1. In the range 23-42, what count of residues is obtained for those that are buried (at least 22 other Cβ atoms within 10 Å of the Cβ) and under 18 Å from residue 118 (Cβ atoms)?
2. Take the conditions within 21 Å of residue 216 (Cα to Cα), surrounded by 12 or more Cβ atoms within 10 Å (Cβ to Cβ) and in contact with a Ser or Thr (Cβ under 8 Å, 6 or more places away or on another chain) and apply them to residue 292. Does it pass?
3. Could you list all residues from the range 266-297 that are modelled with pLDDT of 95 or more, touching a helix residue (DSSP H, G or I) at 6+ places or on another chain (Cβ under 7 Å) and not small (Gly, Ala, Ser)?
4. Which of (1) buried (at least 18 other Cβ atoms within 10 Å of the Cβ); (2) in contact (Cβ under 8 Å) with a residue 40 or more places away in the chain; (3) of a type in the set (Gly, Ala, Ser); (4) within 23 Å of residue 232 (Cβ to Cβ) does residue 124 not meet, given it meets every other one?
5. Could you check the range 273-311 and list, in sequence order, the residues that are β-branched (Val, Ile, Thr) and part of a loop (DSSP other than H, G, I, E, B)?
6. Against the definition (within 17 Å of residue 305 (Cα to Cα), in the same structural domain as residue 287 (by TED's automatic domain parsing), touching a residue at least 12 places away in the same chain (Cβ under 8 Å) and crowded, with 21+ Cβ neighbours inside 10 Å), how does residue 186 come out, yes or no?
7. Residue check: is residue 297 touching a Leu at 6+ places or on another chain (Cβ under 8 Å), under 28 Å from residue 136 (Cα atoms) and assigned by TED's automatic domain parsing to the domain that holds residue 207?
8. Residues of the range 250-269 being in contact with a Gly (Cβ under 9 Å, 6 or more places away or on another chain) and surrounded by 19 or more Cβ atoms within 10 Å (Cβ to Cβ), which ones?
Amino acid sequence: MGDVILVTGGAGFIGSHLVERLVGEGFRVRVVDNLSSGRRENIRRHLDSGSVEFIVGDLKDPGAALRAVEGVGTVFHFAANPEVRVSTTNPEVHFNENIVATFNLLEAMRKRGVGEIVFASSSSVYGEPEEIPVGEDAPVRPVSVYGASKASCESLIHAYTRLYGFRAVVLRYANIVGPRLRHGVVWDLINKLKANREELEVLGDGRQVRSYLHVGDAVEATMLAWEKGGEAYNVFNVGNEDWITVDEIVGIVLEAMGLTGVRVVHKPVAHGVGWPGDVKRIALKIDKLRQLGFKPSKNSRESILETARVLLEEIQGEAK
């Protein structure tokens, strides 16, 4: 078994921050990414320094998966389509990008004797929980195809741990924010406000509840769960200890952009959510992670404010 660590989706948002951490800790890292949502510039300095091997490849191709795991000891599987809203219009995207890709990766690992996987799952597997925060033992009842695809991947991984002796750590991430984020509510609000500073359309009634965790904290949690997560198969919620509403996020983004007097127009569907498959309230219990020594360094509000400020800087830098 090799000592290379493979990060699938390593040019993406969370993946690129994880790559940075692994390189910083002296690991040999290989990234495979099809660049559908990942960006080469997210890991450019590691490519330029030669500290990361980069394969442009698509795990929907079994051959690409086999090439990617050659000589690898551990796989961090972060490749996925991150847009939950795609579930409504193009459900086959999440089937292919998440389930097919994960199956191909697991098969490649089995064939090449790679026995350890850390999987980026999602709080969306819980669907619309009756109470928040939810623990890892809550029912898995997704209401989006994205959530269903992540739950399916978890089940596949569980089967491989039982059948082939894999060790698996499954991380159910809440809403992760921070530098290099290119999807989700903060990114959308900033771009809408850049296009129109008079009026802002907000999907949903603004009272949707979410927990937000800074990507630096998410990577810290990921490393802790990998290092201390026990044998066989273990699931951890990765989120913050508090939660805020979409309307509060709107206020934070307006503050970061220095805007006042903007007319906010809500566009709710069904029971006040933003789109079919969206959930009204989700937040996670993180007691299991806390037992490993995890404590978020920023609350939801601080994470959102810092993210809004850094994204504005990034957008400005890219415009030059």
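The values are calculated or read from the model by the stated rules, or taken from the named source; none is laboratory data. Keep in mind the model is a prediction, meaning the values are calculated, not measured. Don't worry about glycine lacking a Cβ; one is built from the backbone with ideal geometry, like all the others, and counts go over all protein chains shown.
1. Within the range 23-42, residues that are buried (at least 22 other Cβ atoms within 10 Å of the Cβ) and under 18 Å from residue 118 (Cβ atoms) number 6.
2. The answer is no for residue 292.
3. Result: 284, 289, 292, 294, 296.
4. (4)
5. 279, 282, 286
6. Taking the combined requirement at face value, the residue satisfies it.
7. no
8. Of everything in the range 250-269, just one residue is in contact with a Gly (Cβ under 9 Å, 6 or more places away or on another chain) and surrounded by 19 or more Cβ atoms within 10 Å (Cβ to Cβ), namely 250.
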